[in-house]
Each structure stands twice: as C-alpha cells, then as structure tokens.
1. Do we have any residue at all in region 227-244 that's within 16 Å of the ligand (Cβ to nearest atom), open to solvent by 40 Å² or more (accessible area, probe 1.4 Å) and in the same structural domain as Met102 (by TED's automatic domain parsing)?
2. Of all residues in region 74-106, which are of a type in the set (Val, Ile, Thr), part of a helix (DSSP H, G or I) and touching a Phe, Trp or Tyr at 6+ places or on another chain (Cβ under 8 Å)?
3. Out of all the residues in region 336-365, which are outside any helix (DSSP H, G or I), in contact with a strand residue (DSSP E or B) (Cβ under 7 Å, 6 or more places away or on another chain) and under 28 Å from Gly31 (Cα atoms)?
4. Counting only residues that are open to solvent by less than 40 Å² (accessible area, probe 1.4 Å) and either farther than 21 Å from Ile248 by Cβ or assigned to a helix (DSSP H, G or I) (or both), how many does region 50-72 have?
5. If you scan region 378-391, which residues turn out to be in contact (Cβ under 8 Å) with a residue 12 or more places away in the chain and out of contact with any strand residue (DSSP E or B) (no Cβ under 6 Å at 6 or more places or on another chain)?
6. Can you tell me which residue in region 245-272 is surrounded by the fewest Cβ atoms within 10 Å (Cβ to Cβ), limited to those that are assigned to a helix (DSSP H, G or I) and small (Gly, Ala, Ser)?
7. Could you please give the count of residues in region 1-49 that are assigned to a loop (DSSP other than H, G, I, E, B), within 25 Å of Pro132 (Cβ to Cβ), out of contact with any helix residue (DSSP H, G or I) (no Cβ under 8 Å at 6 or more places or on another chain) and open to solvent by 70 Å² or more (accessible area, probe 1.4 Å)?
8. Can you tell me how many residues in region 134-144 are open to solvent by 60 Å² or more (accessible area, probe 1.4 Å) and within 15 Å of the ligand (Cβ to nearest atom)?
Amino acid sequence: MVNEKMYGLGSARSAIRELFEFGKRRAAEIGADKVYDFSLGNPSVEPPKEVNEAIVSILKEFGSKDVHGYSSAQGFLSTRKAVADKLNRENNTNISPDYIYMTAGAAAGLCIAVRALNEDKDEFIILAPYFPEYKVFIEAQGAKVVEVPCDASLNIDVKAFAAAITKNTKGVIINSPNNPSGKVYDQKTIKAICDILESKSKEFGSPIFVISDEPYRELVYSNTILPSILSMYDNTIICYSYSKSLSIPGDRIGYLAVSDRCYGKDKVYAAINGAGRALGYVCAPTLFQLVIERCIDAKTNIFDYDKNRTLLYENLTNIGYDCLKPDGAFYLFVKSLEKDSIAFCERAKNSGILIVPSDSFGVKGYARIAYCVDYNTIERSLPAFKELFDSYKK
Ligand code: PLP
C-alpha cells in the first residue's frame, strides 16, 4: 500500500527527535527547570538584528507578489550574485551566479547534490563522526553509503579514507566544523584528503566530488583556522545553510555552489537544476532569498556560544569528564562513563540531562552535548552532571 522504506523512515523517529520529545514530556511532569535539554542543534542566539530589520523593510518596500510569489527555480539572480560575490571574496574564486542554486536549507542541498551526481548505485563516502541524516539523504537518491571510521582522536583517518575509495566512488561529504564532534579539520588533513581524491580520480579516470557541507562555517572559535576546501579542491560543491549562521533554521534557506574549477561544471549545474526539479526543491523561500541578499555580511553573536563552550568544557573537565574541546559549531563530545553510550545517556536522563549517544553518529563511546542553549541552563545543569558522574563511583 505504501513504500515500505519510506514507511520505515517515517515511523522510526531519529534518536535526537525522540529525546527532544521526551524532554517536553518530562518538563511537563517534573518542571522545566529540572530538565536540561542538550539534544537539538537549534540555535539559542538571536538572529543578527539585520535579519528582522530586513524582513520589515522588505515587507514595506515590496509588493506582496514580489515577496510571496515564485522566484526562478534556481533562485533570484540578485541573491545568487550576492552569494557568489561573498564566496569569491572569501575563497579567492571566480564563481558566477550561474553556478549557485538557492535551496531550502542544507538538507535540500545535500539531497540535490547526491541526486545530481549519482548515476547507478554510485558510492558516497561519509566520514565518522557524521550527521546521521546523510545516510537517509544518500540512500533515498538510490546511491550507496560507504562509512569511513575516524581515528582515536576523532580526526579523519586518512589511510582508511584512501582504502575506502573504489572505481564506484562518486563523492565524499566533508563536514567541518563538524556536527557532532565540534572538530575543525586542519589544513594538513584536508590537503591529504584532496591529494588522495586527485590521484584516485586520475587512477579511475573519472572525477570524485567533494560535497562540502558547511552550515557551521562561521562558527569557529579562538585562533582556529578553517581551511577553504573550495580553494583547495577543484571538484567541490558547497552545500551551505543560513540555519545556524543567522539563527533561522525554521526559515529554510541555503544554497549549493559549484566551483568555477569543477570538471564539467555546466553539466554538473544543469544536473543540480534537474535534481532540484525532480525532487520538487525549486524556488527556495522568496522572502528569505531577499533577506539573504540584504544580510549577506551579517554575523551571528559567536561570543555567546563561546561563553557556553568555555563554561561547559571547563566545568565538565573539572568534575572529571573526558571532553573533546570543540573548535567550532556548538556541540561538545564527552566520553561515556560506561562502554555503552546508549546506557550512559539513558542514565543521564535520571538526572534530567538529555544528551545524544554517539552511536547514531557512527562512533561508539561518546555522547553529544548541544550547547546552543541559555548560559543559565548550563549553569543550572552542572550539579546534575556532577550527580551523574558520582553515580558511577557507587
Ligand atoms: N548538515 C549538518 C552537519 C547539520 O548539522 C544540519 C542540521 O543540523 C544540516 C546539514 C541540515 O541543516 P538545514 O537546517 O539547513 O537543513
């Protein structure tokens, strides 16, 4: 009666969503002040003031047909021009607006990119720890997922990556700053990945594409430098979202960009348009395309996330937890206090702490803490983290 695969996807909620729903139920039972919900990557920082100002002025200046009507399928030329100009300024590239495709967030962009590239059961590599939806997005396009485990310090295992590439490899999704680990892969690692991709593309006589999933691009702390994959590897497709960088995940806006040096870029871009059409991902939200055009250089308040990061990292480390200090995004990976991180996260619930086991991110033995919450929530949660830690001493 229905597609069994889709039925399965729709009836099995993701671990993260499940936890979020549990948090709402638990708050109603014991009071919201006793539940510390670190489950979702929903930005806690207000959008930059330019965003709301742009919405108000656009509503005043434009007629409703212009604000609520369709744009062209790939997005307004003026928006795509603003996006291309910014990418070129920051990456020393020369991308024309004709290679930008506006999307409803990174999720749509990722599906479009895989659909555009996949010929027949091509392989797409994902690097643990990874965003769990990658598997859904890749498989839904008829392609095959190849998982590459990380090394002991949660970095890309370059050797394992090289070994995973076959003649059927069409692409690799790279996500840095990384959800869930908060890692920013350094220049040396990215260079090694690019070199391997170049030599394997030559060996197999067909290009292997990088799909660079960059929704956390602007969320980088301290002196960490984020390498520009776009300037390091020719066959790159950027998948970007304003969900995190402008704190507007519900407004669903982002883009795909094809590198000006990409092999067969006209064909790739045409296939992106075709995939957008086939998936029904055309005419990204008009109002928010116009907002992006006006807010292209707006910046989120990274200082608040940084304050949260420091508060959480220092206090958890003092309690005795083994944490990976995040370089970017707004997630902190903490080592589970028992072998089974699912059991650890279940036990954390008893102290009111909602964190996500690392298993669904392709790594065992950790939990993800999304610290995009109020500073006050982190302060209040610290005794609960201590209680959880102490419960393992008994
Ligand atoms: N990629 C990563 C790594 C993410 O963390 C997310 C959302 O959390 C997405 C993609 C999807 O983002 P969007 O809201 O733009 O669809």
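1. Looking through region 227-244, none of the residues is within 16 Å of the ligand (Cβ to nearest atom), open to solvent by 40 Å² or more (accessible area, probe 1.4 Å) and in the same structural domain as Met102 (by TED's automatic domain parsing).
2. Of all residues in region 74-106, those of a type in the set (Val, Ile, Thr) come to 79, 83, 93, 95, 100, 103.
Now drop any that are not part of a helix (DSSP H, G or I), which leaves 79, 83.
Within region 74-106, just Val83 meets the criteria.
3. Within region 336-365, the subset outside any helix (DSSP H, G or I) is 336-340, 351-357, 362-365.
Filter once more, keeping what is in contact with a strand residue (DSSP E or B) (Cβ under 7 Å, 6 or more places away or on another chain): 336, 352-357, 362-363, 365.
Hits for region 336-365 are Ser336, Gly352, Ile353, Leu354, Ile355, Val356, Pro357.
4. Residues of region 50-72 that are open to solvent by less than 40 Å² (accessible area, probe 1.4 Å), as a first pass: 51, 54-55, 57-58, 63, 67, 69, 71.
With either farther than 21 Å from Ile248 by Cβ or assigned to a helix (DSSP H, G or I) (or both) added as a condition, the list becomes 51, 54-55, 57-58, 63, 67.
Counting residues in region 50-72 that are open to solvent by less than 40 Å² (accessible area, probe 1.4 Å) and either farther than 21 Å from Ile248 by Cβ or assigned to a helix (DSSP H, G or I) (or both) gives 7.
5. Of the residues in region 378-391, the ones in contact (Cβ under 8 Å) with a residue 12 or more places away in the chain are 378-382, 384-389, 391.
Within region 378-391, Ile378, Glu379, Arg380, Leu382, Phe385, Lys386, Glu387, Leu388, Phe389, Ser391 qualify.
6. Applying the first criterion (assigned to a helix (DSSP H, G or I)) to region 245-272 yields 249-251, 265-272.
Checking the rest, the ones that are also small (Gly, Ala, Ser) come to 250, 270-271.
On the way: Gly250: 8, Ala270: 12, Ala271: 19.
Among those that are assigned to a helix (DSSP H, G or I) and small (Gly, Ala, Ser), it is Gly250.
7. The qualifying residues number 2.
8. Within region 134-144, the subset open to solvent by 60 Å² or more (accessible area, probe 1.4 Å) is 135, 139, 144.
Within this subset, residues satisfying the condition of being within 15 Å of the ligand (Cβ to nearest atom) are 135.
Residues in region 134-144 being open to solvent by 60 Å² or more (accessible area, probe 1.4 Å) and within 15 Å of the ligand (Cβ to nearest atom): 1 in total.
The values are calculated or read from the model by the stated rules, or taken from the named source; none is laboratory data. As the structure is a prediction and not an experimental result, all values here were calculated from the model. Note that we place each Cβ from the backbone using ideal geometry, even for glycine, and neighbour counts take in every protein chain shown. The accessibility values were calculated without ligands, DNA or RNA, using every heavy atom of the protein model including side chains. Shrake-Rupley method; radii C 1.70, N 1.55, O 1.52, S 1.80 Å.
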